[in-house]
Amino acid sequence: MKAVLCKEYGPPESLVIEDIPSPRPGKGQVVITVKACGVNFPDTLIIEGKYQFKPALPFSPGGEVSVVTEAAKLIPIPGDIDFATTASFTLVFGTAHHALKDRAHIKPGETLLVLGAAGGVGLASVELGKLMGARVIAAASSDEKLEVCKQHGADDVINYTNEDLRERVKTLTGGNGVDVIVDPLGGNYSEPALRSIAWNGRFLVIGFAAGDIPRIPLNLTLLKGCSIVGVFWGSFTEHEPRHNQENLQELLTWLTEGKLKPHISATYPLGHAADALNDVLNRKVKGKVVLLTGE
């Protein structure tokens with residue numbers, strides 16, 4: 001079978017595609033045929049050795065599908081949902097749902113600010129926030145990205161390339177601030193967003209796609225009476241598997257009912273895995289990009 005392999009840490013161009021022996025399942029395992037696989041920001045980190053987990057070389061990067069896996073971890077594809085949609089769904093919607101439901105305990109009528117709102121987790125947070133009854137403010141780096149956010153439920157938008165994030169939030173909320181912040185970016189965006197939070201607000205730390213891990217002045221939590229809450233969906237699935245399964249069933253129900261509509265901005269054949277990863281690195285992706293195997 002063909003596999004995308006990381007044989008040495010480096011940029012996407014260092015990946016190779018090779019024929020490798022088809023795997024055999026062990027006890028309690030199954031072998032699956034991969035039709036499509038989602039591409040995510042952590043994939044760009046893991047191939048450069050910058051992720052918190054470093055699998056032994058060589059390895060095939062990717063967090064949403066495995067050729068050999070535990071049978072208990074399989075998720076049946078619901079209804080007539082296509083392979084590309086299901087490949088783009090679990091990680092980003094699982095993360096956003098866990099963040100808003102379990103970590104922020106978001107309530108109907110609260111105001112949600114989503115940074116990097118056109119990205120995978122960002123756009124999923126926009127959709128889920130709206131579905132869960134929040135007023136959603138989407139912040140992104142271009143008007144084109146913000147138009148996609150509007151199509152997926154954003155009530156208001158902020159282009160932080162040419163608008164002052166704090167001032168715009170202040171205007172949109174009448175000076176009250178936002179109740180919940182989804183931050184998959186980090187970098188220079190986190191602190192001004194946190195300074196825009198309301199009393200008893202919850203700031204959700206999801207990732208650092210902008211590059212740097214920010215150093216937040218902790219006095220802000222005191223002054224704002226707010227919480228900074230970590231969100232690591234991967235660890236959540238391991239520590240609370242039953243709760244995760246309940247969350248996934250809720251998400252899949254909403255998907256089959258048409259209440260959630262994952263956005264795929266591009267698909268690539270497996271041989272163009274480096275192009276897909278570079279799209280993620282260069283922040284060109286709106287929603288998700290998916291690799292198709294042609295199987």
Rounded to a whole number, what is D in µm²/s for the range 173-295 from Stokes-Einstein with the Kirkwood radius over alpha-carbon pairs (37 °C, 0.692 mPa s)? 189
Order by protection proxy (mean Cβ within 10 Å, highest first), peptides 257-266, 174-183: 174-183, 257-266
Which loop GluC sites (Glu not before Pro) in the range 141-247, with loop taken from DSSP, have no more than 16 other Cβ atoms within 10 angstrom of their Cβ? Glu163
Write down Rg/Rh for the range 126-220, rounded to two decimals, with Rg from the C-alpha atoms and Rh from the Kirkwood relation over Cα pairs. 0.93
Over the range 96-250, what percent of the accessible surface lies on carbon and sulfur atoms, probe 1.4 Å? 48
Can you give me the C-alpha center-to-center distance between the range 118-180 and the range 208-260, rounded to a whole angstrom? 17
If ligands, DNA and RNA are left out, what is the accessible area of Ser235 with a 1.4 Å probe, given in Å² to the nearest 10? 40
Phi-derived 3J(HN,Hα) across the range 72-84 with the Karplus relation (6.51, -1.76, 1.60, θ = phi - 60°), rounded Hz, x for Gly and Pro, is 5, 8, 5, 10, x, 6, x, x, 10, 5, 6, 5, 4
Cα pair distances of the chain binned at 10 Å [whole percent]: 6, 28, 35, 22, 8, 1, 0
Looking only at lysines whose Cα falls under 20 Å of Lys288's and that sit 8 or more positions away or on another chain, we get Lys35, Lys130, Lys145, Lys150, Lys259, Lys261
Cβ neighbours within 10 Å, averaged per peptide: list 215-221, 273-279 in order, most packed at the top. 273-279, 215-221
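The values are calculated or read from the model by the stated rules, or taken from the named source; none is laboratory data. Just so it is clear, the structure is predicted and the values come from calculations on it, not from any experiment. When we count neighbours, we look across all protein chains shown, and the Cβ atoms used for this are built from the backbone with ideal geometry, even at glycine. For the accessible areas, the whole protein counts, side chains as well, though only heavy atoms, and no ligand, DNA or RNA atoms are used. Shrake-Rupley method; radii C 1.70, N 1.55, O 1.52, S 1.80 Å.
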